[in-house]
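These notes concern the structure reproduced below.
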Amino acid sequence: MESLLLGLTLLVTTPLVLAAVGGVSWGVLGGALPGISPSITMALVLPLTYGMEPGSAIVLLAATYVGAEYGGSIPAILINTPGTNAAAATVLDGYAMQRQGRGGEALGISLYSGVLGGLFGLTMLVVLTEPLARVALAFTPMAYFALGILGLSIIASLSGESLLKGLASGVLGLMVATVGSDPVSGVPRFVFGRPELLDGIAPILIMVGLFAVSELYQQASAAEWRKTAGAETRLRFPDGALRRRLIKPQILGATIGTLEGVMPGAGGTIASFMSYNEARRWSRHKEEFGHGSPEGVAAPETANNTVAATALVPVLSFGIPGSNSAAILLGGLLVHGLIPGPRLFEENADVVVALYTGLFVANLSLLFIGLLILPVCLWLVNRPKAYLMAFIYALIFSGVYSIDHSLFDVALVLVVGVAGVFMRLAGLPMLPAVLGVVLGYMIESNYRRSLVLSGGDHGIFIEDAIALGLLSTAMLFIAGSLTTRAYLFVRRRRRQSERAADG
Amino acid sequence: MTFRHRIYLAAVAALAAAPPCAAQTAYPHEVVTLVTHSSPGGGSDVFLRDLARYLGPVMGVKLVVENVRGGSGARAMARLANAPADGRIVYAVTPTYIYTSLLSHPVNNYKDLEPLVNVFFDEEIVYTRADGPLHTLADVIAAARSRRGRWGASTPASLERQALEQLKLAAGVQAAIVSHDGGGDLMLNVLNGTLEIGVGEAQEIRGQLAAGRLRVLAVFSAERVADLPDVPTVQESGYDLVLTKFRGLAGPKGLPDEIILAWELAIQQVLADPDYRNVYEAAMLSPAFMSHADYGPFIDDFASRTEAYLRRTGVLQ
């Protein structure tokens, strides 16, 4: 009660609202620009926070994070390019809806789900920080390895027609993830003398290359897009029936987002992929997934906005940043002399309350900012193709260049784009490769750390209860999807032979 | 007190403390770029931004922090090596730039830069879980004698890892030395009992230390730390190991003498500033000024010892 009063007082006496609304607007913009990741968006405002009072400074950073996590879905839906890592799963059904002329509907679903997810995550953050911190603490290297494997098992449902092609694409991703310094010895691997490759290839570069650049290459030789009719380009919020249908994927997204968010290193990308997978598994309209299912947009978008709030749990309670974005938030805390840890909640309670209040305002204002800018975005993507393509090219390359002021990154994205064209020609799905790049380092480093711990004995993965549980779940998933595929295969064969017999 | 107030007070204090000669010889540039390889909010970044706030008024220049990320310092070193040696650009160095030079064979390495002055040493400490069974470094060694120890260091190519490998050799025990992606991940694995001990910078764990969840067993410095008077050094515990995790500044090769002198004076002056002292003591940094004449040999010695270690352990062929 006291905190609530304090929160209300802070709202009217400090520039908290300004920081929250400003942060969200800036964040949506940064997140929506392909190539500019949430962490870059936050890094750009970080210097501004040095002179601010601590509460507003942290709110500005956290609100930027919220906005950026949402903003990533806009280009994912409209131009088949996730603006952030965590929006990658939204591409599947979001872009499919856009191609069917339902882009406005997809944007409405993603905004609606994102706001709900953000508010849910915030509630979890306020009410359950203590227990959630214990979840984060329980994760050993063995458990992180198992979590990564569980993440990889999703490849089965991202593969579309051919599991084999999905696996091949996933392996490509894992191979890319081995570039950079060895996680145990620190020896550089596959860097070809380029200092830019020492820290590995950022997943955002792979994503921009595979999705956006290869799409642009292909579009250059394709016919004019079909124009969407005027009525279809309006932003549309889900109606009553659809809202009811979205409840299940949203609950899945929020739950998975809460849990993944608190684990440093797991983060929004895995959360959105896993919740997409679960939404599909438990859906009554499985066949729609991949072909424009509203549930396929709602689940990952709820999840990644939930993560934007719960990712603060390890930052505030341990001072451990789970992602680059969280690292910048941590930097913001440290610059103001705020030391994360259990005592932060006692000694700097005013800052914590300001943060919670600010996040609440931020999530609400996200709704209004979305309503303001989405029609503009919709209008933009319905311009003549030549202009749009030139615009996207300019956006992407300025975005990629802005990350590290590196022309090498720009060249890398162009090369990955060529690889993307070949993958398209070969019918290899893109998302397993993205998943491989995102998870590769986490799986390898924790696998090898575990074996260093045990002296090379693989039994350590069974001794760790969480690892055992996650690995068994992954096994079940794989066995399940193999059985389904085998069943479908046999049925198709039988039909063919029956047809042959009839003929 | 707001930031504006602090800056104002710092400026006043600096003016009052400045010897007349230093005030008269103005620095030849109005803007000086401080380069760090760490990302915004990272260790070196926070160090530089704090320093810039207090050092700017002392030197009478505008200090701008620039993050040249990528390649753990490789890109920053290239940037410095190709910049004019006139004092307009300075790089914040830590052991990382030596490790990167040795391990990654970048185009430009530490030999292409001129060590300018040292500013701080980071306190490196050995810590364990507060509710765990270990109370002294001797307990840790004894435990590792009966059963393979589980020790942790922050990153693979780091001074902390090297220190633990040397401790293991010196004590003649078996221990798994697990490296992480940073001090935070390491701390989590010490807190959840996966690891028995961790070695890291005191500032990374101060939150948990203050909350009483972690216990410090030993410090790796040459002398006991003012903030932790009851904690023995590793040397006192019988192992001749001292870690000097330096934080200093370097510039392009061939800096003019008057530039070097200006930095030497300004750094000594800013370290004595009581307001800045509050800031760096809270971050558990120990002032360790080293003049240009001493810093070059110090860096060379550090590099050759690190190289010898890397060759001995087979990381470098």
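Below, the figures for the structure above:
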item: Only one of B:ASP240, B:ASP227 that is within 14 Å of chain A (Cβ to nearest Cβ) and charged (D, E, K, R); result: B:ASP227
item: Scope the stretch A:1-44; condition part of a loop (DSSP other than H, G, I, E, B) and either of a type in the set (D, E, K, R) or within 22 Å of A:LEU205 (Cβ to Cβ) (or both); matching residues; result: A:LEU33, A:PRO34, A:GLY35, A:ILE36, A:SER37
item: Qualifying positions in the stretch A:308-319 - facing chain B (nearest Cβ under 9 Å) and more than 18 Å from A:THR269 (Cβ to Cβ); result: A:SER317, A:PHE318, A:GLY319
item: Residues being more than 7 Å from chain B (Cβ to nearest Cβ) and either more than 18 Å from A:GLU69 (Cα to Cα) or small (Gly, Ala, Ser) (or both) - total across the stretch A:194-205; result: 5
item: Breaking point among (1) at pLDDT 90 or above; (2) more than 21 Å from A:ILE204 (Cβ to Cβ); (3) out of contact with any Leu (no Cβ under 6 Å at 6 or more places or on another chain), for A:ARG99; result: (1)
item: Residue that is least open to solvent (accessible area, probe 1.4 Å) [pool: residues in the stretch A:309-334 that are part of a loop (DSSP other than H, G, I, E, B) and in contact with an Asp or Glu (Cβ under 8 Å, 6 or more places away or on another chain)]; result: A:ILE320
item: Given (1) out of contact with any Gly (no Cβ under 9 Å at 6 or more places or on another chain); (2) of a type in the set (Gly, Ala, Ser); (3) part of a helix (DSSP H, G or I); (4) within 14 Å of chain B (Cβ to nearest Cβ), number of the condition A:GLY337 does not satisfy; result: (3)
item: A:SER185 in contact (Cβ under 8 Å) with a residue 12 or more places away in the chain and either part of a helix (DSSP H, G or I) or of a type in the set (S, T, N, Q) (or both); result: no
item: Count of the stretch B:134-157 residues which are of a type outside the set (Asp, Glu), open to solvent by 10 Å² or more (accessible area, probe 1.4 Å) and more than 10 Å from chain A (Cβ to nearest Cβ); result: 10
item: Members of the stretch B:68-91 found to be over 18 Å from B:LYS111 (Cβ atoms), open to solvent by less than 30 Å² (accessible area, probe 1.4 Å) and at the interface with chain A (Cβ under 9 Å from one of its Cβ atoms), listed by number; result: B:VAL68, B:GLY70
item: Selection from the stretch A:168-190 of residues that are surrounded by 20 or more Cβ atoms within 10 Å (Cβ to Cβ) and within 12 Å of another protein chain (Cβ to nearest Cβ); result: A:SER181, A:PRO183, A:GLY186, A:PRO188
item: Subset of the stretch B:190-202 (residues that are at the interface with chain A (Cβ under 10 Å from one of its Cβ atoms) and surrounded by fewer than 22 Cβ atoms within 10 Å (Cβ to Cβ)); result: B:ASN192, B:GLY193, B:THR194
item: Selection count, the stretch A:374-390, where residues are outside any helix (DSSP H, G or I) and among the basic types (Lys, Arg); result: 1
item: Residue, surrounded by the fewest Cβ atoms within 10 Å (Cβ to Cβ), within the stretch A:45-86, restricted to residues that are in a loop (DSSP other than H, G, I, E, B) and of a type outside the set (Ser, Thr, Tyr); result: A:GLY51
item: Residue satisfying all of: in the stretch B:104-133; within 12 Å of another protein chain (Cβ to nearest Cβ) and free of Cβ contacts under 8 Å to residues at least 60 places away in the same chain; surrounded by the most Cβ atoms within 10 Å (Cβ to Cβ) among these; result: B:PRO106
item: Helices (runs of 4 or more DSSP H) lying entirely in the stretch A:391-503 (those with 2 or more residues that are away from chain B (no Cβ under 14 Å) and modelled with pLDDT under 85); result: A:465-502
item: Enumeration of residues in the stretch B:280-296 that are among the hydrophobic types (A, V, I, L, M, F, W, C), surrounded by fewer than 18 Cβ atoms within 10 Å (Cβ to Cβ) and within 13 Å of another protein chain (Cβ to nearest Cβ); result: B:ALA282
item: Matching residues in the stretch B:262-279 - criterion: being in contact (Cβ under 8 Å) with a residue 12 or more places away in the chain and open to solvent by 20 Å² or more (accessible area, probe 1.4 Å); result: B:ALA262, B:GLU264, B:LEU265, B:GLN268, B:GLN269, B:ALA272, B:PRO274, B:ASP275, B:VAL279
item: Conditions (1) hydroxyl-bearing (Ser, Thr, Tyr); (2) at pLDDT below 90; (3) not in a helix (DSSP H, G or I); number of the one not met by B:TYR91; result: (2)
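Residues checked against (1) at pLDDT 90 or above; (2) part of a loop (DSSP other than H, G, I, E, B):
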| site | (1), (2) |
| --- | --- |
| B:GLU66 | no, no |
| B:ARG69 | no, yes |
| B:THR96 | no, no |
| B:LEU103 | no, no |
| B:ASN108 | no, yes |
| B:PRO115 | yes, no |
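Matching residues to (1) at the interface with another protein chain (Cβ under 10 Å from one of its Cβ atoms); (2) surrounded by fewer than 22 Cβ atoms within 10 Å (Cβ to Cβ); (3) not hydroxyl-bearing (Ser, Thr, Tyr):
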{"position": "A:GLY267", "(1), (2), (3)": "no, no, yes"}
{"position": "A:HIS285", "(1), (2), (3)": "no, yes, yes"}
{"position": "A:GLU346", "(1), (2), (3)": "yes, yes, yes"}
{"position": "A:THR357", "(1), (2), (3)": "no, no, no"}
{"position": "A:LEU364", "(1), (2), (3)": "no, yes, yes"}
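The values are calculated or read from the model by the stated rules, or taken from the named source; none is laboratory data. Note that this is a predicted model, so its numbers are computed, not measured. Don't worry about glycine lacking a Cβ; one is built from the backbone with ideal geometry, like all the others, and counts go over all protein chains shown. Calculation scope for accessible area: heavy atoms of the full protein, side chains included, ligands and nucleic acids excluded. Shrake-Rupley method; radii C 1.70, N 1.55, O 1.52, S 1.80 Å.
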